[in-house]
Amino acid sequence: MKFRCPVCHAEASLEAVFEDESARELMALLGGLSRDVSAPLVAYLGLWRSRTRALSWERALRIAREALAEHTDTALLGAALSETVEAIRRKREEGEDTRPLRSHHYLRRVLESLASRGTEAAALPAQRPAPAPGSQPRGSQAGGSRTAQALQDLEEWRHGE
């Protein structure tokens, strides 16, 4: 089955994407998060890509795991990811710095700033923590999203389970 990227309009095969273990893990990881965290995390991953090269699934998965490990409060982390993405996009639009990110230092500074300011995100009750890699048992629907479950079902179907 082919699908078209709504951003760059490139075509890809869904089967080929699911052949890559890192791609499956990243999709499951994103599917297990609330939209308030997953959407800014995907945008944050885009900041790590250069203009001329794609970000490999393996590297995207590693970066996503590292970003999620920065804070246990997912509401605060989602707000920090959004603020980081917007700030860096503004800088890039102004032509200040167009290089891809190389570390999570900027995100850490934003997290510290949000926590010290006592923003709404910091005042919200903590949502469930980001899932650790491989922490969700196979077939588990407890707390998982429909997307994560669909990805898991596809994986089990692929292996004939």
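All of the numbers you see were taken from the coordinates with simple rules; none came from a lab. Here the structure is a predicted model, which means the values were calculated and not measured. Using ideal geometry, Cβ is built from the backbone for each residue, glycine included, and neighbour counts are taken over all protein chains shown.
Using the Stokes-Einstein relation with a Kirkwood hydrodynamic radius computed over Cα pairs, the translational diffusion coefficient of the range 18-128 at 20 °C and a viscosity of 1.002 mPa s comes to 148 µm²/s. What you get for the range 18-128, charging only the Cβ of Lys and Arg (+1) and of Asp and Glu (-1), is a dipole of about 300 debye around the Cα centre. Residue separation of residue 43 and residue 98 scaled by 0.36 nm, minus their Cα-Cα distance, works out to 18.3 nm of gained length. In this simple spin-label model, placing a label point 7 Å from the Cα along the Cα-to-Cβ direction at both residue 146 and residue 12 gives a separation of 2.3 nm.
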